[in-house]
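S.K.: Next up is a structure, given as structure tokens.
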Amino acid sequence: MQYIRKITFIKDERAQAGIGTLIIFIAMVLVAAVAAAVLIQTSGVLQQKAQETGQQTIQEVSSNIEIVGIVGHRVSATANDFETINITVKPMAGSGPIDLYQMVIAIQNETKRIESIKYIPDTQAASQTSTQFYVVELRDDDDSLNASTTTTTVINAGDLINIVLKPGTEMDFPTREPVRIEIKPEHGAAVIKDLITPPSYSVERNVVLFP
């Protein structure tokens with residue numbers, strides 16, 4: 001007598017669930033990888049923007065011009081006004097190029113203020129007014145400045161120039177008089193120099209106002 005063996009197949013759903021979990025895990029890893037890549041790229045862009053903003057902020061708030069000396073020139077030994085004022089300046093260490101054509105200067109005493117004094121080529125010095133200045137090159141090793149033009153007007157680190165103002169008879173400078181000179185470059189903080197004229201000019205026609 002033959003026996004018929006009954007074979008029963010057991011349906012195991014655990015393997016199917018494991019494959020589903022693996023698929024979900026792989027999907028999560030891929031999503032996390034994409035998110036990480038986006039975050040890294042975004043952080044890099046933000047860091048670059050922050051550095052650029054920081055550099056611009058430093059450039060805007062820091063002064064990049066140093067006043068070395070100021071001398072007033074009187075037309076006579078008895079005059080109370082300065083025909084011209086020479087301001088010797090140089091770029092500060094670490095400063096970038098300074099465009100003199102974009103620079104604006106102001107000068108004032110207790111009774112008068114002359115502002116918006118702007119650059120002119122030295123070829124126009126003979127017709128200079130109180131609202132104009134020209135420069136004299138004292139040191140310019142890289143030839144970044146040509147004082148006779150309005151196109152090559154940049155000074156760099158190591159350069160030294162005289163800025164020539166002409167207040168003339170429009171502004172008196174009696175002895176013991178407060179004087180303020182403001183130099184405003186295109187970038188960076190304005191340079192402000194407060195002075196007091198000497199107690200006596202004696203017979204000197206060239207009067208040292210600073211240092």
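The values are calculated or read from the model by the stated rules, or taken from the named source; none is laboratory data. What you see is a predicted model; the values in this text were computed from it and never measured. Methodologically, a virtual Cβ is constructed for each residue, glycine included, from the backbone with ideal geometry; neighbour enumeration extends over all protein chains shown.
S.K.: Give region 106-130 a look and list any residue that's free of Cβ contacts under 8 Å to residues at least 24 places away in the same chain, among the small types (Gly, Ala, Ser) and surrounded by 12 or more Cβ atoms within 10 Å (Cβ to Cβ), or say none.
M.R.: Passing the criteria: none in range.
S.K.: Right, something else. Quick one: is ALA79 more than 18 Å from ASN206 (Cβ to Cβ) and of a type in the set (A, V, I, L, M, F, W, C)? Show your work before the answer.
M.R.: Working: more than 18 Å from ASN206 (Cβ to Cβ): no; of a type in the set (A, V, I, L, M, F, W, C): yes.
So ALA79 fails the test.
Residue by residue, here is whether (1) assigned by TED's automatic domain parsing to the domain that holds GLN108; (2) at pLDDT 65 or above; (3) touching a helix residue (DSSP H, G or I) at 6+ places or on another chain (Cβ under 8 Å) holds:
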| position | (1), (2), (3) |
| --- | --- |
| VAL45 | no, yes, no |
| GLN48 | no, yes, no |
| HIS73 | yes, yes, no |
| PRO91 | yes, yes, no |
| GLY96 | yes, yes, yes |
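S.K.: Give the residues of region 164-180 that are in contact with a Leu (Cβ under 8 Å, 6 or more places away or on another chain) and surrounded by fewer than 16 Cβ atoms within 10 Å (Cβ to Cβ), sorted by residue number.
M.R.: PRO178, ARG180
S.K.: I'm checking my understanding of the structure. Among residues of region 133-163 that are closer than 12 Å to TYR101 by Cβ and among the polar types (S, T, N, Q), which one is surrounded by the fewest Cβ atoms within 10 Å (Cβ to Cβ)?
M.R.: THR151
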